[in-house]
1. Could you check segment 111-124 and list, in sequence order, the residues that are surrounded by fewer than 20 Cβ atoms within 10 Å (Cβ to Cβ) and within 19 Å of Val139 (Cβ to Cβ)?
2. Are there any pairs, at least 6 apart or on different chains, whose C-beta atoms fall under 7 Å, with the first in segment 69-94 and farther than 23 Å from Ala147 by Cα and buried (at least 17 other Cβ atoms within 10 Å of the Cβ) and the second modelled with pLDDT of 95 or more and of a type in the set (Gly, Ala, Ser), and if so, which?
3. Tell me, yes or no, whether segment 171-192 has at least one residue that is assigned to a helix (DSSP H, G or I), of a type in the set (D, E, K, R), in contact (Cβ under 8 Å) with a residue 40 or more places away in the chain and surrounded by fewer than 20 Cβ atoms within 10 Å (Cβ to Cβ).
4. For segment 63-83, state whether one or more residues are of a type in the set (S, T, N, Q) and farther than 17 Å from Asn134 by Cβ.
5. Tally up the residues in segment 127-149 that are surrounded by fewer than 18 Cβ atoms within 10 Å (Cβ to Cβ) and among the charged types (D, E, K, R), please.
6. Considering only segment 145-166, how many residues are part of a loop (DSSP other than H, G, I, E, B) and without any contact (Cβ under 8 Å) to a residue 60 or more places away in the chain?
7. Please work out which residue is nearest to Asp140 (Cα to Cα), limiting yourself to segment 150-166 and to residues that are of a type in the set (A, V, I, L, M, F, W, C) and surrounded by fewer than 22 Cβ atoms within 10 Å (Cβ to Cβ).
8. Would you point out which residue out of Ala72, Ala63, Ala50 is within 15 Å of the chain's Cα centre (by Cα), small (Gly, Ala, Ser) and closer than 28 Å to Ala122 by Cβ?
Amino acid sequence: MSGPPSPFPVALRAIGLLWLFLALAVGKLHLLATVPAFLGQLLIPGLGFALFALVRGLAPVAAWVDRLDPRAFVLPQALRLAGFYFTMLAADGVLPRAYYQAGLGALVTGLLALAVCLLPLAPERRRSALTIWNVIGLVDLSLLFVAGLRLSLTSPHVLLPFTHLPLSLVPTLLAPLCLALHLLLLRRNSSAT
C-alpha cells in the first residue's frame, strides 16, 4: 500500500488547468487580435521559459519533476500529430505555405515521440533516442517560431487564424508547453552526464 499522493502533482494540475482556462479565454475573446502579431509570437518563448523557470525555481516541484521518467517530457508531445491540421489549413489557403512545412515537421516530431516512448529500447539506446528526438523537436519548434515571427513582421494579417480558437492555443499554450518540456528534458540529459 502506498502513502498519500504527493501534493505537487495536484498543484501542477491546478496550474495547468488555470493556464488552460486563461488560454481558452484569450482565444474566445480574441485578445491576441488586439496586440501586434509579433507579440503573439513572442508568447511562445516567453511562456515556455517562464514555465521552465517556475518548475526549476520551486525546489519541491523541481525535485518531483526530477523523479519523472524522461519519457514524461516526450509523450505529451505526441499532440504534435495535430500538425496534420496545419497541413490541411495551409493546403486550403487558410494558413500560409510556411505552415504546411511546419505541420509536416510537427507531424514527424509527434510520430517520433511515440516511437521513442513506446519502442522497447535498452536504457542506453533510449537515452540516445531521447537526445536525438529532443534535438529534432527543438529544431522543429524553432522553425515554427521563426516562420511565425517572420510572418508577424512582414505579413501579420496571415496570422489572424492564430488569434481565435482553436489555433490561438498554439502560441498561448501548446508551443510554450512543448518548449518547456524540451528544456526540462535537455536539463535532465545534461545533468545525467
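The values are calculated or read from the model by the stated rules, or taken from the named source; none is laboratory data. Everything numeric in this text was worked out from a predicted model, so none of it was measured. Reconstructed Cβ throughout: ideal geometry from the backbone, glycine too, with neighbour counts over all protein chains shown.
1. Residues satisfying the conditions are Leu111, Leu114, Ala115.
2. Val74/Ala113
3. Going residue by residue through segment 171-192, those that are assigned to a helix (DSSP H, G or I) are 171-191.
Remaining after also requiring of a type in the set (D, E, K, R): 187-188.
If we keep only those that are in contact (Cβ under 8 Å) with a residue 40 or more places away in the chain too, we end up with 187-188.
This time we only want the ones that are surrounded by fewer than 20 Cβ atoms within 10 Å (Cβ to Cβ), so: 187-188.
Scanning segment 171-192 turns up at least one residue that is assigned to a helix (DSSP H, G or I), of a type in the set (D, E, K, R), in contact (Cβ under 8 Å) with a residue 40 or more places away in the chain and surrounded by fewer than 20 Cβ atoms within 10 Å (Cβ to Cβ).
4. The first filter runs over segment 63-83 and keeps only residues of a type in the set (S, T, N, Q), leaving 77.
Those still in the list that are farther than 17 Å from Asn134 by Cβ too: none.
No; the residues of segment 63-83 include none that is of a type in the set (S, T, N, Q) and farther than 17 Å from Asn134 by Cβ.
5. 1
6. 1
7. Leu151
8. Ala72
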